[in-house]
Amino acid sequence: MRKLMTFALASTAAMGLAACDVEQTDEGEMPEVDVNGGELPEYNVDAADVDVEMKEETVEVPTLEVEEADASE
């Protein structure tokens, strides 16, 4: 289902772009940037302690009776 949605969105975007006529009118240029130093933030994370257990459980499932409908109705 997820692949289908991704394909549908990509197809829609491609058709939208195909309907446009794009022409470059001016050359772009990257800005000059001077980066010095810096430091990433630090975090203390206390994760929850989770215990996962499995146990076998028997569940009673009701039986259903299915009757065919009359085709002449």
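Any read-out appearing in this document is the output of simple, stated calculations on the displayed coordinates, not a laboratory observation. Since the model is a prediction, treat every value here as computed from it, not as a measurement. Backbone-built Cβ (ideal geometry, glycine too); neighbour counts: all protein chains shown.
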* Using the 2.2 N^0.38 Å rule of thumb for compact globular proteins, work out how the chain stacks up: its C-alpha Rg over that value, please. => 2.73
* Structure fact -> If unit charges are put on Cβ atoms (+1 for Lys and Arg, -1 for Asp and Glu) and the dipole of region 1-71 is taken about its Cα centre, the option from Val35, Thr58, Val45 lying farthest towards the positive end turns out to be Val35
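Could you give the dipole magnitude of region 27-72 about its Cα centre, charging the beta-carbon of Lys and Arg +1 and that of Asp and Glu -1, in debye to the nearest 20? Please list the in-between numbers first.
Values: 1 positive and 17 negative charges, 23 e Å.
Roughly 120 debye for region 27-72.
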